Amino acid sequence: MELLNDSSQPLESISKTIGLSKTPIWQRIRKMERMGVIKGYTAQVDYSKLGFETGFFVLIRTSEHEVEWQRTFLEAVRNRHEVLEAYRLAGDVDYILKVRVENAEAYDKFYQALISEVKIYNVTALLSMEEIKNTSHLELIED
């Protein structure tokens with residue numbers, strides 16, 4: 001799908017690439033937006049060029065599983081600007097966060113703020129040494 005490669009390109013460019021006129025392309029895009037397949041359009045940002053040079057994957061284990069704890073935790077995570085992604089997991093780890101900060105000191109401030117907002121049993125922070133692959137889409141194979 002051409003939009004996955006560059007969603008800012010004009011319909012005319014997409015039309016030339018895939019060999020369809022602009023009207024059916026526009027109709028397909030609108031249909032995918034209505035269906036929720038296309039959830040929005042964003043820019044890819046190189047956070048290190050903005051001073052956020054350090055990435056961590058934060059593994060969180062909790063001994064709390066009550067609704068109120070979960071509500072407090074989710075609110076705390078959603079309100080932290082350092083958290084780029086957050087997932088609830090099956091297995092030994094309950095949650096994983098993808099966090100981007102300026103440096104280790106900024107991570108410690110993030111950590112201290114998080115644990116002051118919500119009780120957490122165990123936190124393990126893994127420093128990302130190198131980003132090997134970062135994509136926001138699956139390669140769609142069309143038959």
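Data overview
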item	result
Longest DSSP-loop-exposure-free segment, GluC sites (Glu not before Pro), the chain, at most 13 other Cβ within 10 Å	67-129
Between 0 and 90°, nearest 10: helix 22-35 axis offset from the chain longest Cα axis	30 degrees
Length-normalised contact order of the chain in % [C-alpha pairs under 8 Å, at least 6 apart]	27 percent
Sparsely packed chymotrypsin sites (Phe, Trp or Tyr not before Pro) within region 1-78, loop by DSSP, other Cβ within 10 Å at most 14	41
Over 24 Å (Cα to Cα) - which of 16/133; 49/119; 49/109; 16/49 fall in this group	16/133; 49/119; 16/49
Label-to-label distance, nm, for residues given as residue 127 and residue 12 (7 Å Cα→Cβ offset)	5.0 nm
Matching label, P(r) over Cα pairs in 5 Å bins from 0, in percent computed from the structure shown, candidates (1) 2, 10, 19, 22, 18, 13, 9, 6, 2, 0, 0; (2) 2, 8, 14, 16, 13, 11, 11, 10, 7, 4, 2, 0; (3) 2, 9, 18, 23, 22, 13, 7, 3, 2, 1, 0, 0	(2)
Projected-area average for region 38-101 over all orientations - Cα convex hull basis, square nanometres	5.8 nm²
Listed residues 79, 8, 50: farthest to the positive end of the dipole of region 1-89 (Cβ charges)	8
Net dipole in debye of region 58-143 [+1 Lys, Arg Cβ; -1 Asp, Glu Cβ; about Cα centre; nearest 20]	300 debye
Integer Hz, Karplus 6.51/-1.76/1.60 couplings in order for region 99-108, x for Gly and Pro	10, 10, 9, 5, 6, 5, 5, 5, 4, 4
Sparse-neighbour loop sites [trypsin sites (Lys or Arg not before Pro); region 1-107; at most 12 other C-beta within 10 Å; DSSP]	39
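Taken together, the values in this text are just the output of simple stated rules run on the coordinates, not laboratory data. From a predicted model like this one, the values you see are computed outputs, not experimental measurements. Quick reminder, even Gly has a Cβ in these numbers, built from the backbone with ideal geometry, and neighbours come from all protein chains shown.
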